[in-house]
Every structure is written in structure tokens, then in C-alpha cells.
Amino acid sequence: MPAPDVSVVIPLYNSAEWITLTLHTLQQQTLDPARCEIILVDSASIDHGAQLAEAILSK
């Protein structure tokens with residue numbers, strides 16, 4: 001598989017409030033999904049942002 005053209009890095013520290021909107025917005029972009037990657041970095045959050053992100057991206 002070739003390297004992606006676009007990488008989006010999202011820090012997830014206590015991000016549950018906005019991560020759903022952020023990921024849905026990224027999924028609506030017109031760039032071919034095979035040409036981009038989303039990297040999520042959870043930094044010991046105390047909310048459930050990482051679990052929300054996993055659920056959204058697994059669909």
C-alpha cells in the first residue's frame with residue numbers, strides 16, 4: 001500500500017465534547033479515503049473521547 005498523501009493527527013486529551021464532529025467532518029472530505037490517514041493520540045484522557053473515536057472510525 002502506498003504512503004498516504006495526507007495525515008491528520010488529532011490529540012484526544014479530554015476531547016469527547018468535539019471528537020464526533022471532528023471525525024464526521026473529516027469523513028465528509030472529498031479526498032479519496034485511501035489517500036489519507038487519521039492518527040489519534042490519546043494522552044491519558046479522563047473522558048471517553050478515545051472510545052467515541054474508535055466507534056466512529058470502525059464503521
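FYI, it's all coordinate maths here, none of it is from the lab. Note that the structure is a prediction, hence the values are computed from the model and not measured. All Cβ positions, glycine included, derive from the backbone under ideal geometry; neighbour counts span all protein chains shown.
Quick look at the values:
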| item | result |
| --- | --- |
| Search result, residues across the stretch 21-44 that are surrounded by fewer than 10 Cβ atoms within 10 Å (Cβ to Cβ), part of a loop (DSSP other than H, G, I, E, B) and either hydroxyl-bearing (Ser, Thr, Tyr) or within 13 Å of the chain's Cα centre (by Cα) (or both) | Gln28, Thr30 |
| Matching residues in the stretch 28-44 - criterion: being in contact with a Pro (Cβ under 7 Å, 6 or more places away or on another chain) and either of a type in the set (A, V, I, L, M, F, W, C) or at positive phi (or both) | Cys36, Val41 |
| Close pairs (7 angstrom Cβ cut-off, 6 or more residues apart or separate chains): without any contact (Cβ under 8 Å) to a residue 60 or more places away in the chain and closer than 13 Å to Thr22 by Cα in the stretch 38-58, of a type in the set (D, E, K, R) and surrounded by 14 or more Cβ atoms within 10 Å (Cβ to Cβ) anywhere | Ala50/Asp42 |
| Subset of the stretch 1-20 [farther than 15 Å from Gly49 by Cβ and loosely packed, with under 13 Cβ neighbours inside 10 Å] | Met1, Pro2, Ala3, Asp5, Val6, Ser7 |
